[in-house]
Amino acid sequence: MKKSILLLAILSVSLINAQAYIGKGDNKFQVGANLQDNGTGLNLSYDFGIGENISIGISSTYLLGIDDALKNNVDDSLDANFDNRFDVRARFNANLGNVINIDENFDVYPGLSLGLKNFGGHLGARYFFTEGFGIFTELNVPFAKYKTGTLTAAETLHNQFTVNLGASFNL
């Protein structure tokens with residue numbers, strides 16, 4: 001019994017030794033939900049470390065569920081079609097986990113993104129439970145929308161405050 005408890009303790013400690021961001025060459029893949037007014041969807045992102053605290057990446061979102069007001073309208077221009085539901089963004093992150101030094105498993109990353117709909121910013125956080133698995137959340141906001149003037153409800157998708165949350169993986 002003592003050997004079983006010792007083995008369990010050793011395995012538990014080895015699983016806790018995870019690191020949120022290791023710097024140049026780091027690879028992160030994230031999959032999660034995207035939440036925003038009038039729609040919810042799937043978010044996928046990949047980040048690659050190019051420096052001690054700098055990463056670049058790509059993020060893509062597709063809205064699976066949209067508000068009924070954005071479907072089957074008499075005027076087709078009011079419907080949320082594929083181009084309204086889909087967004088892809090190039091992103092730049094400043095990984096500050098080792099700067100603020102809360103926990104080596106925790107990373108905070110503010111950043112900028114350039115997408116199909118707008119130029120924006122995000123604030124994200126990751127926490128890794130093991131060497132390869134963690135959770136993340138991101139808050140996204142547009143700074144400059146490409147289309148000026150009054151937007152239809154479908155055009156506001158991805159052009160508003162959004163939240164992403166889900167699982168993060170070290171590759």
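Worth pointing out:
- Relative contact order of the range 41-160, taken over Cα pairs closer than 8 Å and 6 or more residues apart, is 19 percent.
- Simple spin-label estimate for I56 and L116 gives 2.2 nm between the two label positions (7 Å along the Cα-to-Cβ direction from each Cα).
- Evaluated with a Cβ-only charge set (Lys, Arg +1; Asp, Glu -1), the range 83-162 carries a dipole of roughly 440 debye about its Cα centre, given to the nearest 20.
- Here the Karplus curve 6.51 cos²θ - 1.76 cosθ + 1.60, taken at θ = phi - 60°, turns the phi angles of the range 116-131 into couplings of 5, 9, 6, 9, x, x, 8, 10, x, 9, 10, 9, 9, 7, 10, 4 Hz, with x standing for Gly and Pro.
- Cβ-Cβ distance of F86 and F143, R₀ of 25 Å, FRET efficiency by 1/(1 + (r/R0)^6): the value works out to about 0.75.
- Annotation: Cα Rg of the range 49-171 relative to the compact-globule expectation 2.2 N^0.38 Å equals 1.23.
- The string of couplings for the range 150-167 from the Karplus curve (6.51, -1.76, 1.60, θ = phi - 60°) is 7, 9, 6, 4, 5, 6, 6, 4, 6, 10, 7, 4, 9, 10, 10, 8, x, 9 Hz, one whole number per residue in order, with x for Gly and Pro.
- Spin-label model, N27/F161: points 7 Å from Cα along the beta carbon direction are separated by 3.6 nm.
Each value in this text was obtained by applying a stated rule to the coordinates, not by laboratory testing. Here the structure is a predicted model, which is why all the values come from computation and not from measurement. Reconstructed Cβ throughout: ideal geometry from the backbone, glycine too, with neighbour counts over all protein chains shown.
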